[in-house]
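**Student:** Encoded as structure tokens, here's the structure I'll be asking about.
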Amino acid sequence: MQIGIYGGTFNPVHLGHIHLLREVMATGLLGKILVMPDRTPPHKQALDLVAGWKRFEMLKLATMGMEGIQVSDFELRREGKSYTYMTLRLLREFYPDDQFSLIMGADMLLSFREWRNWEEILSYTRLIAAARDEGEYERLELAAKALGNTELIRITPLPVSSTEVRAAVKKGHSLEKLVPQPVADYIRENHLYQ
Ligand code: ATP
């Protein structure tokens with residue numbers, strides 16, 4: 001099977017993430033997608049980072065009923081930093097008959113060469129990437145061409161970020177246009193990001 005891996009901090013999951021998941025599933029490129037919250041993000045500083053299992057629960061709430069989408073605790077259960085190349089090595093060992101693709105937004109594609117062992121990853125993993133903002137496609141096309149083994153999908157960008165969600169909570173603003181309702185309820189009930 002063609003399996004997509006969608007990794008991230010998801011602190012918290014937001015509508016931009018869900019939009020990307022829907023659009024990638026709609027391409028028919030993949031049989032299923034594993035959404036994997038990471039334990040300690042190697043790419044960014046962990047400011048205001050909520051416990052892994054809570055980020056996991058919010059992902060479950062956000063993707064409930066979405067066909068082909070599975071939230072996975074594969075990286076949360078591993079000790080130490082979650083490097084993508086390690087995850088892929090392990091997945092390939094466990095599932096030798098499947099092919100894996102990595103799903104990512106523009107920022108991750110444009111900084112892909114900073115990932116640990118990116119050449120190894122790219123040698124056996126297709127990247128599937130999309131814009132987060134208007135006007136990003138030209139740069140993405142150049143990056144995709146230079147890297148190779150990369151599928152750019154054309155989506156109408158939904159420019160939301162977890163940073164924006166955390167800031168909205170702090171200011172007491174509505175989360176209605178930023179996260180799915182069950183996630184907004186979870187954030188409020190658990191007093192997250194205050
Ligand atoms: P933060 O604001 O805390 O940096 P983030 O919104 O970038 O977080 P991540 O969990 O770091 O969210 O992102 C996980 C993956 O989802 C990355 O590949 C990122 O590029 C992608 N992504 C995040 N937001 C969007 C969006 N609005 N549209 C498309 N892809 C997105």
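The values are calculated or read from the model by the stated rules, or taken from the named source; none is laboratory data. Because the structure is predicted, anything quoted here is derived from the model rather than measured. FYI the Cβ positions are ideal-geometry reconstructions off the backbone, even for glycines, and counts take in every protein chain you see. For accessibility, only protein heavy atoms count, side chains too; no ligands or nucleic acids. Shrake-Rupley method; radii C 1.70, N 1.55, O 1.52, S 1.80 Å.
**Student:** Across segment 93-110, which residue is surrounded by the fewest Cβ atoms within 10 Å (Cβ to Cβ) among those that are charged (D, E, K, R) and farther than 24 Å from residue 14 by Cα?
**Tutor:** Among residues in segment 93-110 that are charged (D, E, K, R) and farther than 24 Å from residue 14 by Cα, the one surrounded by the fewest Cβ atoms within 10 Å (Cβ to Cβ) is 97.
**Student:** Looking for something more than 20 Å from residue 190 (Cβ to Cβ), assigned to a strand (DSSP E or B) and at pLDDT 95 or above - is there at least one such residue anywhere in segment 20-31?
**Tutor:** no
**Student:** So, one more: Here is a list of conditions, (1) in contact with a helix residue (DSSP H, G or I) (Cβ under 9 Å, 6 or more places away or on another chain); (2) modelled with pLDDT under 95, and residue 70 meets all of them except one; can you say which number that is?
**Tutor:** Evaluating residue 70 over (1) in contact with a helix residue (DSSP H, G or I) (Cβ under 9 Å, 6 or more places away or on another chain); (2) modelled with pLDDT under 95 leaves (2) as the failure.
**Student:** Let me ask something else about it. Across segment 140-167, what is the number of residues that are open to solvent by less than 80 Å² (accessible area, probe 1.4 Å), more than 12 Å from the ligand (Cβ to nearest atom) and either in contact with a His (Cβ under 7 Å, 6 or more places away or on another chain) or outside any loop (DSSP other than H, G, I, E, B) (or both)?
**Tutor:** The number of residues fulfilling the criteria is 7.
**Student:** Would segment 111-129 turn up any residue that is within 12 Å of the ligand (Cβ to nearest atom), under 25 Å from residue 87 (Cα atoms) and loosely packed, with under 15 Cβ neighbours inside 10 Å?
**Tutor:** Among the residues of segment 111-129, at least one is within 12 Å of the ligand (Cβ to nearest atom), under 25 Å from residue 87 (Cα atoms) and loosely packed, with under 15 Cβ neighbours inside 10 Å, which makes the answer yes.
**Student:** Identify the single condition in (1) of a type outside the set (Phe, Trp, Tyr); (2) closer than 23 Å to residue 184 by Cβ; (3) at pLDDT below 95 that residue 78 does not satisfy, given that it satisfies every other one.
**Tutor:** (2)
**Student:** I've got another one for you. Please verify whether residue 116 is out of contact with any Phe, Trp or Tyr (no Cβ under 8 Å at 6 or more places or on another chain) and over 25 Å from residue 178 (Cα atoms), treating the condition exactly as stated.
**Tutor:** Taking the combined requirement at face value, the residue does not satisfy it.
**Student:** Now a separate question. Search segment 1-30 for residues being open to solvent by less than 40 Å² (accessible area, probe 1.4 Å) and more than 8 Å from the ligand (Cβ to nearest atom), and hand back the single one that is nearest to residue 84 (Cα to Cα).
**Tutor:** Ranking the qualifying residues of segment 1-30, first place goes to 5.
**Student:** Which one is farthest from the chain's Cα centre (by Cα) among residues in segment 68-91 that are charged (D, E, K, R) and farther than 15 Å from residue 5 by Cα?
**Tutor:** Among them, the one singled out is 79.
**Student:** Under 9 Å between Cβ atoms, at least 6 apart or on separate chains: pull out the pairs that start in segment 166-182 with a residue that is β-branched (Val, Ile, Thr) and end on any residue that is open to solvent by 80 Å² or more (accessible area, probe 1.4 Å).
**Tutor:** 169/188; 169/194
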